[in-house]
Amino acid sequence: MPTTIDSATAAKLAARLEASERSRVQIRPFSIEYPDFTFDDAYMVQEEWMKLKLADPARSIAGHKIGLTSRAMQMSAGIDTPDSGVLLDNMLAWDGVEFSMDQLIVPKVEVELGFMLGKDLSGPNCTIFDVLSAAEYVVPALEIIDSRFYLRDEETGLGRKVVDTISDNACNAYVVIGGCPTKPSDIDLRWAGAILYQNAVIQESGIAAAVLGHPANGISWLANRMALTNGDVLKAGQFVLAGSFTRPVFAQKGDVFHVDYGKLGAVTCTFR
């Protein structure tokens, strides 16, 4: 879809997102102000926001995330394709991490698998087999999502759309990595399952086949999309989140999340 905004406008919108994240004050979805906002517009804003963050020489791109990968989530959003965002180095956290609610707005926890790439992965004809060959290992990962936009605008009654979440870097905040790194050839990833406990109560469970039939399918989609849009590739050493196979669960101050991935191990995080 063609763009309807220019790069200067995209940069201004990106600055609004940065201000919202820093102040922890949500803003009106861009699709309300720009009713013709397209997917290409949204990815342009996302790119400008990442440029803003990468202006800090201490920051670097650590990988990518894929969202809206389950059929249920796509149907609820009224789309038939995933979306993606960028993972920066300071977004990565490790098993047992404690998050301060003073740094988040409305955090939720999603259950995913992460792929560490040992080789570059390029499109436009990337397949699931290319992904499995390029992945050095797969590991349990929790995505902490957050939104810089209101769910629904009080003045207009309109809700945020997929194009808004894309511009919002696919709502990414943090990734918690844990469990047991496992070679993709050592497990049928479709049947990798997880049980999410929130304060020792089971809230969600699922298997990774809910992610487009196989979690590697989302990564091949991303490699192909990147090749077609800007000629870029997924690089060796990057960490790629394949997409959630449970619904997101709201986190509150004091919550402890423990997610059991069976043979793949477990991941725990706390919100303070």
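Computed over the chain, the Cα gyration tensor eigenvalues convert (square root of 5λ each) into semi-axes of 27, 23, 17 Å, ordered from largest to smallest. Among THR69, ALA194, ALA173, flag the residue with its Cα farthest along the positive direction of the charge dipole of the chain, charges on Cβ as +1 for Lys/Arg and -1 for Asp/Glu. The residue sitting most towards the positive pole is ALA194. Near ALA266, the amide H atoms lying under 5 Å from its own belong to GLY179, CYS180, TYR261; only residues 5 or more places off or on other chains count, and H is placed 1.01 Å from N. Phi-derived couplings, Karplus 6.51 cos²θ - 1.76 cosθ + 1.60 at θ = phi - 60°, listed residue by residue for segment 190-203: 4, 9, 5, x, 8, 10, 9, 9, 10, 6, 6, 10, 5, 10 Hz, with x used for Gly and Pro.
Excluding GLU110 itself, calculate the net charge of residues whose Cβ lies under 14 Å from the Cβ of GLU110, where each Lys or Arg counts +1 and each Asp or Glu counts -1. If you can, show how the numbers build up before the last one.
Numbers: positive: LYS65, LYS108, ARG247; negative: ASP83, GLU112, GLU143, ASP146, GLU204.
Cβ neighbours under 14 Å give a net charge of -2.
Taking Rh as the Kirkwood radius computed over C-alpha pairs, what is the Stokes-Einstein D of segment 121-272 at 25 °C in a medium of viscosity 0.890 mPa s, expressed in µm² per second? So the translational diffusion coefficient is about 144 µm²/s. At q = 0.15 Å⁻¹, what log₁₀ I(q)/I(0) does segment 72-166 have when each alpha carbon counts as one equal point scatterer in the Debye sum? After summing over all Cα pairs, the log10 values are -0.87.
For segment 212-265, the share of alpha carbon pairs falling in successive 10 Å distance bins from zero is 18, 35, 29, 17, 1 percent. The number of Lys pairs in the chain with C-alpha atoms less than 19 Å apart, excluding pairs fewer than 8 positions apart on the same chain, is 15.
Taken together, the values in this text are just the output of simple stated rules run on the coordinates, not laboratory data. Remember, it's a predicted structure, so these values are computed and weren't measured experimentally. When we count neighbours, we look across all protein chains shown, and the Cβ atoms used for this are built from the backbone with ideal geometry, even at glycine.
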